[in-house]
Each structure stands twice: as C-alpha cells, then as structure tokens.
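As structure tokens, the structure follows; a few thoughts come after it.
The values are calculated or read from the model by the stated rules, or taken from the named source; none is laboratory data. Computed from a prediction, not measured in an experiment: that's the story for all the values here. We place every Cβ from the backbone using ideal geometry, glycine too, and count neighbours over all the protein chains shown. Side chains included, ligands, DNA and RNA excluded: accessible areas come from the protein's heavy atoms. Shrake-Rupley method; radii C 1.70, N 1.55, O 1.52, S 1.80 Å.
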Amino acid sequence: MIIQTTSTEYGYFDPSISAVGERYRDQYNSARPFPHIVLPDFLDREMLERCLREFPSTVDSSAGYQRSQENLKFEFQPETLSAPLRSLFDSFNSIPFVGFIENLSGIKGLIPDPYFVGAGLHQVNQGGHLDIHADFNFHAALGLERRINVLIYLNQDWREEYGGCFEIWDHKMSRCCRRVVPGFNTCVVFNTSSISFHGNPVAVNHPQRKPRRAIALYYYTATWDKTRRAHTTQFKVRPASSDEFDLRVRVNEVVEDLTPPVALRAFRKLARAARTYRSPAD
C-alpha cells in the first residue's frame, strides 16, 4: 500500500503521506508523452471495498451520458454518497493528500475543488466507453486552471479483454503510448493540459456484464489569465477507428469566435431562461 490511511474519525490520511510523493517525482515527470504515473496497491483495500459495497445506483447519478463520444457513463457527486464515502472525498481535498500530489508532480499551490465538478464516483456500463479527449481546462466558478487528474479504479479481477482500459495517446493522435488495465486499487495520476489526450475508448465487455467503476479527482492552480482560451472537453478521433468527430463542440466554438461578446452573453441568458421554462403542457 502506497498511501497509509488512518482512523476515519479523524480523516483518512496521515500528514506524513505528503512526503511519499517525492519518491516517485522523477518517474512521474519523465513519463511520456506527458507527466503521469501508474501506482498499484494505492490505498487501503478495505476502504475501496466499502466504496463498492456502497456504490449508488445509476438512477441516483448526477450526470449520465449517451452519445457517440461518451456512452453509458454515469457520475455521482460526493454529497450524495454515504457518510463514510463523503468523509473519504473530503480527505482527498485535505492538505496531506494535496501535499502528496504536489510532491509527486512538482506543481505547488494545487487547489482542490470543493464542488467536485465532473469528479466523484464514475461508472461505465456494459457496452459503454469514453473516447480519447483532452479535459476542460478552466473551472468557471472558481476561476482556476485545471492541472492534475487522479483516477483510482474499483474493478476487482479486471482483465484487458474486458475492455475499458485507460489509454494515453501522443499529442498528434498517431499512437497509443500506454494502456492501463483499470484493476482494483490501481491509481493513475497525470498532468492535465489541452494536449494530454486520454480516455477509455474500447467498450466495456465484461463476461458477467459488470460495470467499470472509478474514483475521479481533479486539482487546480490559480494560474489562469484572460489571454488563455477556456475550452470544454475536446474529443479526438483515433486513426482507422469508428470514432466520430464532435461536431457539436466545434460549432459552439466557431459561434463563440464569431459572435460579439455582448451578443453572446445575451444569447446565453436567453438559453438559460429557456431551459428553466416549463409550459403547462409539460
């Protein structure tokens, strides 16, 4: 076990874990095509087994996706989970764990997300997938730049042939540089940028139709400036694959580029109003 846990009464991580990251920093930053690391046997197995026992039903998910680029994928916000699991997520935002990630990556001043935007528990059902992509780069509510992803897998006895492997691709999208079986208690940490392409594009195909499950955590820095362009998830198409181009996002980006800011703000205001309106017939 890489990260030692303590009594749940006082939080899961002892302050001493911050220094553990330094042991792996060179390995992390020398990885290609972008800094990353795969850490097996990461946490206390008993805690992760509890995550599985108390994993919520998809009917309670905070978000679900069913489209060409991400299909049968569900997210669960920490505040909807049981008390022990909420405590675990609070501990992921604590100084000891953030210190571990800082010392691992060499990025100082990391800021955890109290809103857990896009984070929490993730599940991909049988037949589901998540195409190769670069993540959104800007936290609008906090004005922060996204810098680090942490994924901790919850899939017992998982094999490569079951699909759902985590893939890292080069910035030219010419080849898969690394493929990771999302086995139980395996952790992947990596730098997040506009060219850190990753995903699990091969559909889940478990012989017993078990879903692919994970803990997802994101960390930020106060390094954003207005010269940068914020973007949402940028999906990519693998060579010689059936992946589909994400036309919807591209059209939205072109509209933003061509529309004057005042008009764009007015349009967004109208769109929000339309989403909240419900006619009597509904």
So Pro207, is it under 23 Å from Asn125 (Cβ atoms) and surrounded by 18 or more Cβ atoms within 10 Å (Cβ to Cβ): no
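Taking the residues in the range 210-236 that are among the hydrophobic types (A, V, I, L, M, F, W, C) and over 24 Å from Asp246 (Cβ atoms) as candidates, determine which candidate is most open to solvent (accessible area, probe 1.4 Å).
Of everything passing the filter in the range 210-236, Ala222 is most open to solvent (accessible area, probe 1.4 Å).
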Test result for Pro201, open to solvent by 40 Å² or more (accessible area, probe 1.4 Å) and at pLDDT 95 or above: no
Hits in the range 226-242 (condition: among the charged types (D, E, K, R) and modelled with pLDDT of 95 or more): Lys236, Arg238
Residue pairs meeting the criteria (Cβ under 9 Å; at least 6 apart or on separate chains; first over 18 Å from Phe197 (Cα atoms), in the range 220-249; second open to solvent by 70 Å² or more (accessible area, probe 1.4 Å) and of a type outside the set (Gly, Ala, Ser)): Thr221/Lys108
Selection status of Lys73, open to solvent by 40 Å² or more (accessible area, probe 1.4 Å) and either in contact with a His (Cβ under 9 Å, 6 or more places away or on another chain) or under 15 Å from Tyr220 (Cα atoms) (or both): no
Cross-chain or 6+ apart pairs with Cβ under 8 Å, the range 1-17 first and more than 22 Å from Phe184 (Cα to Cα), then modelled with pLDDT under 75 and of a type outside the set (A, V, I, L, M): Asp14/Gln4; Asp14/Thr5; Asp14/Thr6; Ser16/Gln4
Selected residue (only one of Glu145, Glu167, Glu161 is open to solvent by less than 40 Å² (accessible area, probe 1.4 Å), out of contact with any Cys (no Cβ under 9 Å at 6 or more places or on another chain) and among the acidic types (Asp, Glu)): Glu145
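Condition check ((1) farther than 30 Å from Pro239 by Cβ; (2) free of Cβ contacts under 8 Å to residues at least 60 places away in the same chain; (3) among the aromatic types (Phe, Trp, Tyr)) across all residues:
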| site | (1), (2), (3) |
| --- | --- |
| Arg86 | yes, yes, no |
| Ile101 | yes, no, no |
| Gly109 | yes, no, no |
| Gly120 | yes, no, no |
| His133 | no, no, no |
| Ala140 | yes, no, no |
| Glu167 | no, yes, no |
Residue in the range 70-78 that is among the aromatic types (Phe, Trp, Tyr) and touching a helix residue (DSSP H, G or I) at 6+ places or on another chain (Cβ under 8 Å) present: yes
